[in-house]
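Engineer: Have a look at this one.
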Amino acid sequence: MALSATLYTFTIQLADVDRGVYQDLELRVARHPSETAEYMLTRLLAYCLEYEDGIAFSDGGVSATDEPPVLVRDLTGRLTAWIDVGAPDADRIHRAAKLADRVAIYTHRDPAKVLAALSGKRIHHAEAIPLYSLDRGFVDAAAAAIARRTTASISVTERELYLDLDGTGFSTPIEEHRLG
């Protein structure tokens, strides 16, 4: 018998000063049995840091090979942003760059290793694709503080991420790297 996903509910106050985005969000995030808490948190943060009209978690979740974990569609349903998480392979990112106007990757892994795995590979418009890394200690500590129902506030100022989960605070810089 297959294990089913665990549903997490997040009530989030988002204040991204860098982008001028202020939003209250009610999100239900399904965590697949094979998904780590760290990956789920990075996926949630990628959603919030990329928040705009039309953003959604993919229907296939972490097992989807033809969709990113987070995506943005315009009113016609056209894919405008492909937001990947973790350490996607070069073929996936190459295809994403051809399908969407914009591609971004968020990782909780060592960015040098992610970049090394993609280096020298054929990736369409690689120079335009940012890799955003979050400090591993931050992700590990914050992931351990997530409950099935969590109230969070996320603030971003000068590329510094401040996260409060049910009264416990965390912070990390958002480091930007380029594939090309």
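The values are calculated or read from the model by the stated rules, or taken from the named source; none is laboratory data. Quick caveat: nothing in here was measured; it's all calculated off a predicted structure. So basically every Cβ, Gly included, is an ideal-geometry build from the backbone, and we count neighbours across all protein chains shown.
Engineer: Where the second residue is among the aromatic types (Phe, Trp, Tyr) and the first is under 13 Å from LEU134 (Cα atoms) and lies in region 26-55, which pairs have Cβ atoms under 6 Å and are six or more apart or on separate chains?
Structural biologist: Short answer, once both residue conditions are applied: THR42/TYR106; ALA46/TYR106.
Engineer: Right, next: Residues of region 139-154 being out of contact with any Ser or Thr (no Cβ under 9 Å at 6 or more places or on another chain), closer than 19 Å to THR11 by Cβ and either surrounded by fewer than 17 Cβ atoms within 10 Å (Cβ to Cβ) or among the hydroxyl-bearing types (Ser, Thr, Tyr) (or both), which ones?
Structural biologist: Once the filter is applied, which keeps residues that are out of contact with any Ser or Thr (no Cβ under 9 Å at 6 or more places or on another chain), closer than 19 Å to THR11 by Cβ and either surrounded by fewer than 17 Cβ atoms within 10 Å (Cβ to Cβ) or among the hydroxyl-bearing types (Ser, Thr, Tyr) (or both), region 139-154 yields ALA147, SER153.
Engineer: Considering every residue within region 86-96, establish whether at least one is under 26 Å from GLU26 (Cβ atoms) and either under 14 Å from the mean Cα position of the chain (by Cα) or at pLDDT 95 or above (or both).
Structural biologist: yes
Engineer: Listed residues ASP101, ASP59, ASP66; which is over 24 Å from THR157 (Cα atoms), surrounded by fewer than 17 Cβ atoms within 10 Å (Cβ to Cβ), of a type outside the set (Val, Ile, Thr) and touching a residue at least 12 places away in the same chain (Cβ under 8 Å)?
Structural biologist: ASP101
Engineer: Of the residues that sit in region 165-180 and are free of Cβ contacts under 8 Å to residues at least 60 places away in the same chain and not in a strand (DSSP E or B), which one is farthest from PHE10 (Cα to Cα)?
Structural biologist: Selected residue: GLY180.
Engineer: Do we have ASP16 as surrounded by 18 or more Cβ atoms within 10 Å (Cβ to Cβ), touching a Ser or Thr at 6+ places or on another chain (Cβ under 9 Å) and not aliphatic (A, V, I, L, M) here?
Structural biologist: So ASP16 fits the description; yes.
Engineer: Being in contact (Cβ under 8 Å) with a residue 40 or more places away in the chain and assigned to a strand (DSSP E or B) is the filter here, so list the residues in region 154-164 that pass it.
Structural biologist: If the condition is that a residue be in contact (Cβ under 8 Å) with a residue 40 or more places away in the chain and assigned to a strand (DSSP E or B), then ILE154, SER155, VAL156, THR157, LEU161, LEU163 are the ones that fit.
Engineer: Just give me the residues in region 129-180 being of a type outside the set (Lys, Arg) and at pLDDT below 95, in sequence order.
Structural biologist: LEU179, GLY180 - these are the residues of region 129-180 that are of a type outside the set (Lys, Arg) and at pLDDT below 95.
Engineer: Among the residues of region 129-138, is any more than 27 Å from ASP24 (Cα to Cα) and either in contact (Cβ under 8 Å) with a residue 12 or more places away in the chain or buried (at least 17 other Cβ atoms within 10 Å of the Cβ) (or both)?
Structural biologist: Yes: region 129-138 contains one or more residues that are more than 27 Å from ASP24 (Cα to Cα) and either in contact (Cβ under 8 Å) with a residue 12 or more places away in the chain or buried (at least 17 other Cβ atoms within 10 Å of the Cβ) (or both).
Engineer: Are any residues in region 5-25 assigned to a strand (DSSP E or B) and without any contact (Cβ under 8 Å) to a residue 24 or more places away in the chain, and if so, which ones?
Structural biologist: TYR22, ASP24
Engineer: Can you confirm whether VAL114 is modelled with pLDDT of 95 or more and either touching a Gly at 6+ places or on another chain (Cβ under 6 Å) or closer than 30 Å to SER4 by Cα (or both)?
Structural biologist: yes
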